[in-house]
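Remarks on the structure that follows.
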Amino acid sequence: MSVTVRLPGALRDAAGGKTKLEATGGTLRDVIADVDRRHPGFRGRIVDESGRLRTYVNVYVGDEDVRTHGGVDAAVPDGAEVMIIPAMAGGR
Amino acid sequence: MTLSAALVRERVRGTILERIGDTPLVRLRRIDAGLRGELWAKLESANPGGSLKDRAGLWMVMAAEVEGRIGKDSVVLDATSGNTGVALAMVCAVRGHRCALVMPDKVSSERRRIARAFGAEVMLSDPLEGTDGAIREARRLAASDPRYVYVDQYSNRANPLAHEHTTGPEIWSQTAGRVTHVVAGVGTSGTVGGISAALRPKGVRVVAVQPDDPLHGIEGWKHMPTALRPAIWDERVADVHMVQGTEEALAMTRRLAREEGIFSGPSGGGAVAAAVRVAREESGRIVVLIADGGERYLGTTLWE
């Protein structure tokens, strides 16, 4: 199960300077864990201590906001694109 | 013709825009209990467009008018994640100008809808690029079509000027000159720069607060070390620079609602959380800017 993860510029430092990377996993939780194995600390930027998505992070699988599809339990189909974006923006 | 508070007042007389400014200043009696300093919140959600940005939006459009930059085919343009867009759209509606805004896609949608309600055209930029992507798109549009009057809140001197001539003097008069500190978040830096120009010469200490991480949830604030640097930003306007984490900002936003009855957005909570740290160490009358109201975040998980 290979998926593409796209990151905002604000998360570039958490993934070795990359904003696009390949990962594996059948759920969002697995995909985040896979990226975290290669880039330790990544998970903590996306989810809080209780394992839920941080308030200010939105994640889309394809065009779907995962908050309406089970949060970190959302299914990620093979070949899907996972987009992680800031829910709020700086500088108004 | 130079822009002045008297000129702006004259131009907006008899319209909703006359209600921009003169916002309430309220003591935070529960949150400042036991602290050395008193905390006072300036409630910018009381502006007709619902945020602090009404002041800069009004002054930037007035400046463009006075400079003769707005003709009958002109379209006032800016990049904004929201509150400035709402302000510009409202001001343009009253002044009879067309307005176009570039906002990052997939950010909280309330402000986008409000701007559209005021008749503005909203164009969406790459969500992965955030506000900086919106700025680059606005620059591209402005360079491609001379009808656009790009007000550029990040570079426009009328932005801090609005706060120098309205917010700062209001704080001074509402505290009868007893204000000792002003605490405000940094986004474009217009607020902190303008208030500094008005109040620092009177001995007031200015505290500027930034988010602690490039990926943060304090809407409207900028993580300067990693963001496109606003041309109007000058670190020297502040006596103290602080950083603020999002989780603590959101927790304080909820406290403001439950303990003080103030329904604020995340940046107000962030500014108050920073001000509490100041008030633990220093006595005096500490004024905090609450930039907008909590209604604009009902579509986020802030209140769940």
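Each part reduced to its alpha carbon centroid, the range A:35-75 and the range B:196-238 end up 29 Å apart. Once the C-beta distance of B:Arg116 and B:Asp73 is scaled by a Förster radius of 30 Å, the resulting FRET efficiency is 0.90 to the nearest 0.05. Here the contact order of chain A, divided by its residue count and restricted to Cα pairs under 8 Å and six or more residues apart, works out to 36 percent.
Taking every DSSP bridge with both residues inside the range B:1-150, close to 20 percent are antiparallel.
In percent, how large is the relative contact order of the range B:1-94, given Cα pairs closer than 8 Å and 6 or more residues apart? Can you show the working numbers first?
Numbers: 92 pairs, mean separation 27.2, N = 94.
About 29 percent, as a whole number.
On the beta carbon distance between B:Asp239 and B:Arg178, with R0 = 30 Å, the FRET formula returns roughly 0.95.
Note down the net charge around B:Gly177, summing +1 for each Lys or Arg and -1 for each Asp or Glu among other residues with Cβ under 12 Å from its Cβ.
Numbers: positive: B:Arg178, B:Lys202, B:Arg285; negative: none.
Neighbourhood net charge equals +3.
Applied to the range A:9-16, the Karplus parametrisation 6.51 cos²θ - 1.76 cosθ + 1.60 on θ = phi - 60° returns per-residue 3J(HN,Hα) values of x, 5, 10, 3, 5, 7, 10, x Hz, with x for Gly and Pro. Residues whose amide H comes within less than 5 Å of that of A:Val47, counting only those at least five positions distant or on another chain, are A:Arg54 (H built at 1.01 Å from N in the peptide plane).
In a fully extended conformation the segment linking B:Arg200 and B:Arg27 would gain 60.1 nm over its present Cα-Cα distance, using 0.36 nm per residue.
One decimal place: the segment A:Ala75-A:Arg12 gains 20.2 nm when fully extended, by the rule 0.36 nm per residue minus the C-alpha distance. Counting only residues at least eight positions apart within a chain, or on another chain, the lysines with an alpha carbon under 25 Å from that of B:Lys202 are B:Lys42, B:Lys53.
Each label point was placed 7 Å from the Cα along the Cα-to-Cβ direction; for B:Glu18 and A:Lys20 their separation is 5.6 nm.
Charging the Cβ of each Asp and Glu at -1 and of each Lys and Arg at +1, and nothing else, the dipole of the protein assembly as shown about its Cα centre rounds to 980 debye. Amide H to amide H distances under 5 Å link B:Ser125 with B:Met103, B:Asp105, where only residues 5 or more positions off or on other chains count and H is placed in the peptide plane.
Sorting A:Met83, B:Met90 from the fewest to the most surrounding beta carbons within 10 angstrom yields A:Met83, B:Met90.
Taking every alpha-carbon pair under 8 Å whose residues sit at least 6 apart, chain B reaches a relative contact order of 21 percent.
Values in this text are rule-based calculations from the coordinates and carry no lab data. None of the values given here were measured: they were computed from a predicted structure. No Cβ is skipped: glycine too gets one built from the backbone with ideal geometry, and neighbour counts run over all protein chains shown.
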